[in-house]
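In what follows, a single structure is set out as structure tokens and then discussed.
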Amino acid sequence: MSAAAAVVPHESKGKAMPAQPLVQWSVEDGVGHIVLNRPDAANALNTACAHAIGEVVEQASRAQVGAILLSANGKQFCAGGDINEFVERRDDLDALVTAMLDVLHPAMHKLATLPLPVVSAVQGPIGGAGIAMALCADLVLASPAMKLRGGYSAIGLSPDLGASYHLARRAGSARAKNILMTNRTLSAEQCLAWGIVDEIHAADALLPAARALAVQLARGATGALGGIKQLCDSAQDHDLHTHLDLERDALLRCARSEQGREGVSAFVEKRTPNFPVRRTDAPTRSLP
């Protein structure tokens, strides 16, 4: 079964063309699929797109799914903020940025901290806020056409949407500063070597591979996977003693859960476990 929901606002290039949702949302095989859909504008984020992302992420946070898949239509995953809108509003740029971040920052925090796996399929270049859109996922798959460029400082701006956070977490602080200060362009292979992406797949195999991975994770023990996500993401925020306490608490939650009981029973009975689906509106952790 699959379900789809069109998200407003929409965008069309002409009166004869039907309006298209700026961000698409669908559910299939237990996976919620978010698709950036401004291909003619490099999926750049403008005010309308910001609100569409906010609405879709809210849907995702309440959906009965086991994983989230992020992808984009067109040749670029996301070029970052829409520079054309920035130019149009340059006399009150601070007001524009404030309005967009008031929507996008809560949405990106919610998306990054959902207690279930998030997979992104990055088919093309990412820059600026597009870095955050791609790297907020737990597992990042890319095609050989994927490239990364910071771009912020080149126009006198600093990062947003968690771009510096996710980049530093994946590549390390020194490499993140190198990327964001110099605006050097990294190839997909360099991103793989630096841990910025997890896998590279041929262009025609990327989305199927990402979808298959998301389906596999969605059919797993989402309670355990959510615990793994939170433990790994917070591992550098405290000492070992504190972390052992957190591991203890997470393991006990799993042991008390229906999923935990099913997993143990399936192992003993030598069968594939049938894990009950857990809704995504469970509590999320707070980023530091």
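Since every read-out is calculated from the coordinates, none of them should be taken as a lab result. These numbers were taken from a predicted model, which means no experiment stands behind them. As a convention, Cβ positions derive from the backbone with ideal geometry for all residues, glycine included, and neighbour counts pool all protein chains shown.
What is the calculated FRET efficiency for Leu251 to Ser187, with r their C-beta to C-beta distance and R₀ = 51 Å, to the nearest 0.05? Calculated value: 0.80. For Ala203 and Asn84, a Förster radius of 41 Å and the Cβ-Cβ distance give a FRET efficiency of 0.90, rounded to the nearest 0.05.
Residues His201, His33, His166, arranged from fewest to most other Cβ atoms within 10 angstrom of their Cβ, appear as His201, His166, His33.
Note down the net charge around Ala205, summing +1 for each Lys or Arg and -1 for each Asp or Glu among other residues with Cβ under 11 Å from its Cβ. Its environment carries a net charge of -1. A cut-off of 5 Å between modelled amide H atoms, ignoring neighbours fewer than 5 places along the same chain, links Lys147 with Ile126.
Amide H contacts under 5 Å for Val118: Ile68, Asp138, Leu139, restricted to partners 5 or more places along the chain or on a different chain, H placed in the peptide plane at 1.01 Å from N.
Taking the number of Cβ atoms within 10 Å of each Cβ as an exposure proxy, the fewest-first ranking of Val31, Val268 is Val268, Val31. Could you quote the convex hull projected area for the chain, Cα atoms only and averaged over all directions, in nm²? One quarter of the hull surface, i.e. the mean projection, equals 16.5 nm².
Other residues with beta-carbon under 13 Å from the beta-carbon of Leu148 carry, at +1 per Lys or Arg and -1 per Asp or Glu, a net charge of +4. The ranking of Arg219, Arg89, Arg256 from fewest to most other beta carbons within 10 Å of each one's beta carbon is Arg256, Arg89, Arg219.
For the range 140-151, putting each phi into the Karplus relation 6.51 cos²θ - 1.76 cosθ + 1.60 with θ = phi - 60° gives couplings of 10, 9, 9, 9, x, 7, 5, 9, 10, 9, x, x Hz, in residue order, rounded to whole numbers and with x for Gly and Pro.
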